[in-house]
1. Quick check, is GLY201 closer than 25 Å to SER262 by Cα, surrounded by 15 or more Cβ atoms within 10 Å (Cβ to Cβ) and of a type outside the set (A, V, I, L, M, F, W, C)?
2. In this structure, does SER98 turn out to be hydroxyl-bearing (Ser, Thr, Tyr) and either more than 17 Å from VAL50 (Cα to Cα) or surrounded by fewer than 16 Cβ atoms within 10 Å (Cβ to Cβ) (or both)?
3. Restricting attention to helices (runs of 4 or more DSSP H) lying wholly within region 1-95, give those where 1 or more residues are modelled with pLDDT under 85 and exposed (fewer than 10 other Cβ atoms within 10 Å of the Cβ).
4. Name every residue in region 271-305 that is free of Cβ contacts under 8 Å to residues at least 24 places away in the same chain, of a type in the set (Gly, Ala, Ser) and in a helix (DSSP H, G or I), in order of residue number.
5. Can you find, within region 204-240, the residue that is nearest to GLU273 (Cα to Cα) among those that are polar (S, T, N, Q) and buried (at least 20 other Cβ atoms within 10 Å of the Cβ)?
6. Against the definition (at pLDDT 90 or above, among the small types (Gly, Ala, Ser) and on the phi < 0 side of the Ramachandran plot), how does ALA275 come out, yes or no?
Amino acid sequence: MTPADVPADAPSVGVATRRARLRRAVAGMADARGDAGPYGVELLGRGGLVSYGVLHLLLAGLAVVLMRGSPTVHADQQGAIAVIAGIGPVGAALLGLSILGLVAFGVWQTRAALVGFRWVSGGERFRKRCGAAGKAIAMFSMASLAFKPAIGPFRGPPPGGPPAPSAPHGVSDLVASLFALPGGRIVVGVAAAVALGMACGMCWTGLHATYLGDLHAARLTRRLRRIAVIAGSYGNLARATLTGSVGILFAVAAITGDAHRSGGFTQAMWFIEGAGPFGVVAMVGVSGGLAAYGVYCFIDAYARRV
């Protein structure tokens, strides 16, 4: 074949062919049992949602204990995991099952972030995919937090006896290490902006009940749907308040350069409780909202679309 015999648009035809193959591959991935993928991933992922709900119920309980003036309580994910681990070998086994479920749901949400939510389009699909990416990161993070407590009872004491107790590394320690780096305050400021953006997204989800689109309507009775609306909206607004408070603490730390002004969920709860004469009322509302979101997670595990 001479150069004159080659069509002028041959390169563009090749690019179009590759793009078509890529679209078919993505479509095939999306069609393989929807967002969840294999049935085993779906089943374990629904179990992970149940575990996520239990963690929120425990977090709500820890928030109540914190309000009663217990300074040693850690009202965050690690505190909730520690409660389960404190049961002993049974708790470790439950954490092991939770890890499998959380990782599976993380895989499910990773697929959803890439090719999921085909029942919506445009900005709504983009927003849901971003939310799925955030959920995937949260699931993998919680699974990593639960790993060490889950295997603890089966490892036995280390050689030479248990190590000397050390102070836990809190959020302020992490922020202090970031401040020691060039541009560390900018990094903390970006983290604050991300947390505040997440809080705004949760507010939107709670106020507009967009989460209902992720549930199989046929699986919801009228009463179950009403419970899902109340628990989902209340829970998302409570989580938005807590996440937004974390963002405010990070923003204050970035502005002042004081790492001790930052904090995680425990410090955010103290911040909410101390915010004026209605702080205790607000904290009671947040605690109830965390419990409500735990209930919604159970409904989500039962009726979530794949």
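The values are calculated or read from the model by the stated rules, or taken from the named source; none is laboratory data. Here the structure is a predicted model, which is why all the values come from computation and not from measurement. Cβ sites come from the backbone with ideal geometry, for glycine too, and all protein chains shown count toward neighbours.
1. Values: closer than 25 Å to SER262 by Cα: yes; surrounded by 15 or more Cβ atoms within 10 Å (Cβ to Cβ): yes; of a type outside the set (A, V, I, L, M, F, W, C): yes.
When the stated conditions are applied, GLY201 passes them.
2. Working: hydroxyl-bearing (Ser, Thr, Tyr): yes; either more than 17 Å from VAL50 (Cα to Cα) or surrounded by fewer than 16 Cβ atoms within 10 Å (Cβ to Cβ) (or both): no.
So SER98 does not fit the description; no.
3. Details: elements: 10-31, 39-67, 77-85.
Of the helices (runs of 4 or more DSSP H) lying wholly inside region 1-95, those with at least 1 residues that are modelled with pLDDT under 85 and exposed (fewer than 10 other Cβ atoms within 10 Å of the Cβ) span 10-31.
4. Step one: of region 271-305, the residues free of Cβ contacts under 8 Å to residues at least 24 places away in the same chain are 274-279, 281.
Still in the running and of a type in the set (Gly, Ala, Ser): 274-276, 279.
Scanning region 271-305 gives a single hit, GLY279.
5. Residues of region 204-240 that are polar (S, T, N, Q), as a first pass: 205, 210, 221, 233, 236.
Then keep just the ones that are buried (at least 20 other Cβ atoms within 10 Å of the Cβ); that gives 205, 233, 236.
On the way: THR205: 24, SER233: 22, ASN236: 19 Å.
The extreme case among them is ASN236.
6. Numbers: at pLDDT 90 or above: no; among the small types (Gly, Ala, Ser): yes; on the phi < 0 side of the Ramachandran plot: yes.
Against the criterion (at pLDDT 90 or above, among the small types (Gly, Ala, Ser) and on the phi < 0 side of the Ramachandran plot), ALA275 does not qualify.
The rows are residues; the columns are (1) farther than 25 Å from GLY79 by Cβ; (2) assigned by TED's automatic domain parsing to the domain that holds GLY69; (3) at pLDDT below 95; (4) assigned to a helix (DSSP H, G or I).
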{"position": "LEU174", "(1), (2), (3), (4)": "no, no, yes, yes"}
{"position": "MET202", "(1), (2), (3), (4)": "no, no, yes, yes"}
{"position": "TYR211", "(1), (2), (3), (4)": "yes, no, yes, yes"}
{"position": "VAL229", "(1), (2), (3), (4)": "yes, no, no, yes"}
{"position": "ALA251", "(1), (2), (3), (4)": "no, no, no, yes"}
